[in-house]
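Working notes, structure below.
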Amino acid sequence: VRAVRLYHPKVIEHYTNPRNVGSMDKKLTNVGTGIVGAPACGDVIKLQIKVDDRTGIIEDVKFKTFGCGSAIASSSYMTELVQGMSLDDAAKIKNTQIARELSLPPVKLHCSMLAEDAIKAAIRDYKTKRTTTTVLR
Ligand code: FES
Ligand code: FES
């Protein structure tokens, strides 16, 4: 009953039926992995993107979240959002956009922040790997 009052139906929907849950092999050179934690509550999001090296388009996304309903819903929504996006566009996504879509209350804003941090970390990881691989070649 409490959860129903705290969470918006969109959060509950993503929480009950999360999209793109899973893992990809983080050793693949075209996979970027972001693992971030929220100091406020200890929740953790792992978000992975698979990128088309040629076009810079995100062609697959997977996440695992050890956290609250809002963190799971934010990650799930984020994976839907960035699918098919360019890295540059994905890097511009703001947590406020996610918070608005999911109608997160102020106390849950950091959960959407975690999703923003996670996509940024995944993009960073991919770019670092790509530079390293290019140098090695
Ligand atoms: Fe309880 Fe985040 S504080 S799950
Ligand atoms: Fe901490 Fe949601 S309560 S991520």
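Any read-out appearing in this document is the output of simple, stated calculations on the displayed coordinates, not a laboratory observation. Note that the structure is predicted; figures quoted are calculated from it, not measured. Because the Cβ atoms are built from the backbone with ideal geometry, glycine has one as well, and the counts that use them run over all protein chains shown.
Taking (1) in a helix (DSSP H, G or I); (2) over 10 Å from the mean Cα position of the chain (by Cα); (3) more than 16 Å from ligand 1 (Cβ to nearest atom); (4) hydrophobic (A, V, I, L, M, F, W, C) in turn, Ile119 satisfies each apart from (2).
Counting the residues of the range 96-115 that are touching a residue at least 60 places away in the same chain (Cβ under 8 Å), assigned to a helix (DSSP H, G or I) and either closer than 17 Å to Phe63 by Cα or more than 11 Å from ligand 2 (Cβ to nearest atom) (or both) gives 6. If the condition is being farther than 20 Å from Ala40 by Cβ and either touching a residue at least 24 places away in the same chain (Cβ under 8 Å) or among the basic types (Lys, Arg) (or both), then the range 84-95 contributes Gly84, Met85, Ser86, Leu87, Asp88, Ala90, Ala91, Lys92, Ile93.
Of all the criteria given as (1) surrounded by 15 or more Cβ atoms within 10 Å (Cβ to Cβ); (2) aromatic (Phe, Trp, Tyr); (3) within 16 Å of ligand 1 (Cβ to nearest atom); (4) farther than 21 Å from His8 by Cβ, the one not satisfied by Phe63 is (4). Scanning the range 94-118 for residues that are of a type in the set (A, V, I, L, M) and out of contact with any helix residue (DSSP H, G or I) (no Cβ under 6 Å at 6 or more places or on another chain) yields a total of 2.
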